[in-house]
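Shown next, in structure tokens, is the structure this report addresses.
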Amino acid sequence: MSKKEEKRIFEGLITESLPNAMFRVLLDKDNRVILGCISGKIRRGSIRILPGDRVKIELSQYDDARGRIIFRLPPKKPSEN
């Protein structure tokens, strides 16, 4: 993949659901909120994304304020103590 086409993938938490399949995502790495839309695979697979879900989001090198949600992470199981 050339330098021009590189994508950066981060994990984050869905904080708010907006119209037109848009979401506000709080990134884990640097605690900033960005705007994310659903990628085509998730849309075709009818995967539901709700506030509170953890996702992987892909950012381009040109625009750090917007991204594509490419994967919904499974919920973490509480550890038994």
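In table form, for the structure just shown:
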{"read-out": "Highest average packing first - 54-61, 30-37, 17-24, 43-50, Cβ atoms within 10 Å", "value": "54-61, 30-37, 17-24, 43-50"}
{"read-out": "Per residue accessible area of the range 7-70, 1.4 Å probe, in Å²", "value": "63"}
{"read-out": "Computed FRET value (nearest 0.05) for residue 71 with residue 32, which takes r as the C-beta separation and R₀ as 30 Å", "value": "0.95"}
{"read-out": "Reported label for calculated P(r) over Cα pairs in 5 Å bins from 0, in percent given [x] 3, 16, 30, 28, 16, 6, 1, 0; [y] 3, 15, 26, 24, 15, 9, 4, 2, 1, 0; [z] 3, 14, 15, 13, 12, 10, 10, 8, 7, 4, 2, 1, 0", "value": "[y]"}
{"read-out": "Spacing of the two label points (7 Å from each Cα toward its C-beta) at residue 79 and residue 46, in nm", "value": "3.8"}
{"read-out": "With every protein chain in place, the chain: carbon and sulfur % of accessible area (1.4 Å)", "value": "51"}
{"read-out": "Whole-Hz ³J(HN,Hα) from phi, Karplus 6.51 cos²θ - 1.76 cosθ + 1.60, for the range 15-28, glycine and proline x", "value": "9, 8, 9, 10, x, 6, 6, 10, 9, 9, 10, 8, 6, 6"}
{"read-out": "Rounded to whole Hz, the Karplus (6.51, -1.76, 1.60) HN-Hα couplings of the range 71-76, x for glycine and proline", "value": "7, 9, 7, x, x, 6"}
{"read-out": "Under 14 Å from residue 7, Cα to Cα: aspartates and glutamates that are on another chain or at least 8 residues apart", "value": "58, 63, 64"}
{"read-out": "Amide H contacts of residue 71 (H built 1.01 Å from N, under 5 Å, at least 5 apart or other chain)", "value": "56"}
{"read-out": "Cβ-defined net charge surrounding residue 75, 10 Å radius [Lys, Arg +1; Asp, Glu -1]", "value": "+3"}
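The values are calculated or read from the model by the stated rules, or taken from the named source; none is laboratory data. Only a predicted model underlies this, so the values are computations on that prediction, with no experimental measurement involved. Because the Cβ atoms are built from the backbone with ideal geometry, glycine has one as well, and the counts that use them run over all protein chains shown. The accessibility values were calculated without ligands, DNA or RNA, using every heavy atom of the protein model including side chains. Shrake-Rupley method; radii C 1.70, N 1.55, O 1.52, S 1.80 Å.
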